[in-house]
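**Q** A single structure is presented below for examination.
The values are calculated or read from the model by the stated rules, or taken from the named source; none is laboratory data. Everything numeric here is computed off the predicted structure, so don't read it as measured data. Here the Cβ is made from the backbone with ideal geometry for all residues, glycine too, and neighbour counts use every protein chain on show. Remember, those area values only see protein heavy atoms, side chains included, never the ligands or the DNA or RNA. Shrake-Rupley method; radii C 1.70, N 1.55, O 1.52, S 1.80 Å.
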Amino acid sequence: MHDICSIPVAQANRPIWRASNVPRQLPPLKQAMKPLHQLSKQPILPIRKTDEEPKTGPQRFQDRPMEPLHQFYPWPPQYLENDIEQRARSNRVTSKPRDIKLTNLNDVLFYGSIGIGTPEQRFNVTFSTASPTTWVPSIHSKPKDSELTTYNNQTSSTYIPNGVGFQASYGEGEVAGYRSQDNLNIAGLTARNQIFGEAIVASDFFRGTPNQGVLGLGFSDAEPTVFDNLADQGLLPAAVFSFYLSKHNSGDPDPVLTLGGTNPAYYVGDFTFADLTVPDSWQFKMDRVQLSSGTGIFNGWGCQAVVDSSTPLIIGPKEEVDVLNRKLGGTPFPGDPTMYELDCSEVDNLPDVEFIVNGKKLSLTNKDYVVTASESGRTVCYSGIMGSSWKQNESPVWILGLSFMKVYYTQFDKENYRIGFAKALTHRYALLNK
């Protein structure tokens with residue numbers, strides 16, 4: 001009996017997992033499987049004041065959010081606070097969850113459209129639960145790329161200068177630039193005066209894909225994220241968002257991101273919930289990982305896991321994933337021992353991989369975790385569960401990426417600091433349960 005989760009999680013005031021620790025190199029055959037947009041949190045500096053900004057009046061509140069509101073308004077604070085609460089409550093009563101249609105790019109990338117500025121400038125972005133930061137390419141980006149959609153702050157009447165620099169490191173590249181403020185529209189909702197990054201320089205990794213930036217859905221300990229901004233304005237019925245990610249060419253409904261709640265049209269049954277274990281990450285405790293065949297049952301005191309909407313596969317502690325993949329009959333890929341090749345003729349006989357959360361089995365079948373590719377005219381099969389050799393605070397952490405989220409409708413609940421999973425609705429599931 002092998003212990004995959006035997007190291008108790010260290011108590012810390014920050015996430016154990018950091019995406020920048022994920023292995024950077026993947027075999028050339030599977031470049032399409034490389035993690036996309038795994039953004040490490042960067043220090044966020046306060047808004048820089050300029051001589052042009054007013055020294056008095058309501059606008060000063062944007063720069064001093066911790067000051068009592070009544071210092072900037074002539075009426076007593078209780079009236080102002082009551083007015084804000086009443087308007088937020090009224091909006092929440094009349095508002096309803098909003099769906100954003102996503103596009104599936106070959107099961108390795110999901111992206112959707114947002115608008116920035118007045119008039120709107122449209123961008124396709126990846127929605128990342130691993131990052132709090134939102135950025136798009138700037139018109140001042142270098143080198144110039146005529147095929148790249150860029151943001152021009154000079155054409156927006158709602159643009160507010162900020163100028164504080166930002167830099168973001170990814171598994172496969174970096175971006176850098178400066179922060180700006182403008183209205184950001186998503187699903188018909190406007191996040192007013194949203195802080196975001198204008199990317200000036202970016203690695204070639206970010207070119208040649210249909211998405212032109214990232215919208216962060218992670219936790220921020222400083223400036224509000226887009227989602228936080230919408231919730232604070234009372235534009236959402238709940239501080240909850242959910243993903244339905246259908247498989248490419250499956251015939252299932254188009255993938256959808258729902259803001260403000262869940263959409264019952266895209267899942268069946270009840271949710272299995274797990275409380276978050278750190279204050280600023282979508283990290284939770286997983287009981288164990290096991291195979292349905294009864295071989296290779298991994299018991300332990302509990303693994304830590306995060307759900308990442310911008311990582312295509314599932315990543316786990318290397319030593320334990322090596323054991324799991326060998327139980328599946330896999331052999332290490334030459335040149336990259338983190339990936340395992342499987343016998344395509346035996347794939348249909350492989351057992352389910354079961355992730356136990358709060359006592360409930362969340363199972364992936366061989367069709368869910370096996371990846372197929374073509375090389376030199378032959379079909380090659382790989383395990384979609386990769387190993388990572390890094391550890392932090394002596395605690396192993398699993399990253400449940402898109403291959404997991406395509407099977408389980410995932411609810412991210414900031415109101416109750418929990419994450420929930422329900423079986424995603426598919427034609428296959430519907431046929432089996434007629």
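**Q** Please indicate, with yes or no, whether at least one residue in segment 165-186 is under 30 Å from Asn249 (Cβ atoms) and modelled with pLDDT of 95 or more.
**A** The answer is yes, given that some residue of segment 165-186 is under 30 Å from Asn249 (Cβ atoms) and modelled with pLDDT of 95 or more.
**Q** Answer with yes or no whether Glu147 is modelled with pLDDT under 95, open to solvent by 40 Å² or more (accessible area, probe 1.4 Å) and out of contact with any Lys or Arg (no Cβ under 7 Å at 6 or more places or on another chain).
**A** It is true that Glu147 is modelled with pLDDT under 95, open to solvent by 40 Å² or more (accessible area, probe 1.4 Å) and out of contact with any Lys or Arg (no Cβ under 7 Å at 6 or more places or on another chain).
**Q** Now for a separate question. May I ask you to list the residues in segment 229-276 that are within 19 Å of the chain's Cα centre (by Cα) and without any contact (Cβ under 8 Å) to a residue 60 or more places away in the chain?
**A** Selection gives Asn229, Leu230.
**Q** If we keep just the residues of segment 324-364 that are hydroxyl-bearing (Ser, Thr, Tyr) and without any contact (Cβ under 8 Å) to a residue 24 or more places away in the chain, which is farthest from Val407 (Cα to Cα)?
**A** Thr331
**Q** Please note which strands (runs of 3 or more DSSP E) are completely contained in segment 314-379 and include at least 1 residues that are open to solvent by 50 Å² or more (accessible area, probe 1.4 Å).
**A** Of the strands (runs of 3 or more DSSP E) lying wholly inside segment 314-379, those with at least 1 residues that are open to solvent by 50 Å² or more (accessible area, probe 1.4 Å) span 331-333, 336-342, 360-364, 370-375.
**Q** Condition first: of a type outside the set (S, T, N, Q) and over 15 Å from the mean Cα position of the chain (by Cα). Now tell me which residues in segment 207-228 satisfy that.
**A** Arg207, Gly208, Pro210, Asp221, Ala222, Glu223, Pro224, listed by residue number.
**Q** Among the residues of segment 131-167, count how many are in a loop (DSSP other than H, G, I, E, B) and either of a type outside the set (A, V, I, L, M) or more than 26 Å from the chain's Cα centre (by Cα) (or both).
**A** Total satisfying the criteria: 16.
**Q** Inside segment 175-198, can you point out the residues that are open to solvent by 20 Å² or more (accessible area, probe 1.4 Å), among the hydrophobic types (A, V, I, L, M, F, W, C) and under 18 Å from Tyr111 (Cβ atoms)?
**A** Hit for segment 175-198 is Ala187, nothing else.
**Q** I need the strands (runs of 3 or more DSSP E) fully contained in segment 246-297, keeping only those with at least 1 residues that are within 28 Å of Asp322 (Cβ to Cβ) and open to solvent by less than 40 Å² (accessible area, probe 1.4 Å).
**A** Output list reads 267-275, 283-286, 288-291.
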